[in-house]
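Colleague: So that we are looking at the same thing, I have put the structure below in structure tokens.
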Amino acid sequence: MSEIIENHLHPRRTVVSFCPFLLWTLPLIAVYGLGHWGLGHWCGRNTNEVIALPLVMVSVVGYGLLAWQRRNEFALLLFVLSLGFFCREWHFAGTSKGVYVVGAFVGAWFLYRRKAIGGLIKDTPVEIWLWSACLCYGMSLLISRRVFAEKYLGLLPMEELYHIPLEETMETMAHVMLAATCLVAWQQFGFRKDNDDT
């Protein structure tokens, strides 16, 4: 029985288990594809802002409930981060720069408690989904800083034309990944709790 539980909590890594790392490409495909067909407004700022707020709310509620019900420090950490993103998406005054303060606080918290928090997610699907979400947020930040523009790296074609849709759609994808990580965390820690009680 303990082997079954261990296999669920720490499944064997396969090539397929790393597929979430490829999801950052979907916003690029969407923006360039819709732009080519003259439907670029579907990935513009207004559309993404309508989608982003409910997505971040899912993360706030999901991580908040998980932290409260399971007394899970990892979930508490992600709850604080999600709350920072929610305030920014709601456009509260000062949150554009405040989200970086929250990110730095969460990063310092994770580094200080890395053994305890890292031990909760090490070699689990949660870890893969979390790093995939971080990749999307990182790409969004790099796009917003124009790192891929023609005058710098020049890696994204027509970056001048598609800069805003690329940034907004990548950020929305990052919110999707954070919410997906929450769902995976519920499965992971819910299973562990159920078996700890027996």
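The values are calculated or read from the model by the stated rules, or taken from the named source; none is laboratory data. A quick note: this is a predicted structure, and the numbers were derived from the prediction, not measured. For neighbour counting, all protein chains shown are included, and Cβ atoms are generated from backbone atoms with ideal geometry for every residue, glycine included.
Colleague: Looking at F85, F105, can you tell me which residue is touching a residue at least 40 places away in the same chain (Cβ under 8 Å) and part of a helix (DSSP H, G or I)?
Modeller: Values: F105 fails: touching a residue at least 40 places away in the same chain (Cβ under 8 Å).
Unique residue meeting the criteria: F85.
Colleague: Is at least one residue of segment 111-126 among the small types (G, A, S), modelled with pLDDT of 95 or more and either surrounded by fewer than 20 Cβ atoms within 10 Å (Cβ to Cβ) or in a helix (DSSP H, G or I) (or both)?
Modeller: Looking only at segment 111-126, we keep the residues that are among the small types (G, A, S), and these are 116, 118-119.
Still in the running and modelled with pLDDT of 95 or more: none.
No; the residues of segment 111-126 include none that is among the small types (G, A, S), modelled with pLDDT of 95 or more and either surrounded by fewer than 20 Cβ atoms within 10 Å (Cβ to Cβ) or in a helix (DSSP H, G or I) (or both).
Colleague: Let me ask something additional. Based on this model, can you work out whether V99 counts as at pLDDT 95 or above and within 15 Å of the chain's Cα centre (by Cα)? Give the steps one after another, and end with the answer.
Modeller: Details: at pLDDT 95 or above: no; within 15 Å of the chain's Cα centre (by Cα): yes.
No; evaluated as a whole, the condition is false for this residue.
Colleague: With modelled with pLDDT under 90, surrounded by 12 or more Cβ atoms within 10 Å (Cβ to Cβ) and over 23 Å from L166 (Cβ atoms) as the only criterion, which of F79, F92, F18, F74 stands out?
Modeller: F18
Colleague: Hey, another quick one. Evaluate segment 31-40: report whether one residue or more is among the β-branched types (V, I, T) and farther than 13 Å from V176 by Cα.
Modeller: Applying the first criterion (among the β-branched types (V, I, T)) to segment 31-40 yields 31.
With farther than 13 Å from V176 by Cα added as a condition, the list becomes 31.
Yes, segment 31-40 contains a residue that is among the β-branched types (V, I, T) and farther than 13 Å from V176 by Cα.
Colleague: Restricting the search to segment 135-190, which residues are farther than 26 Å from N72 by Cα, hydrophobic (A, V, I, L, M, F, W, C) and buried (at least 22 other Cβ atoms within 10 Å of the Cβ)?
Modeller: Selection gives M139, I143, L166, M170.
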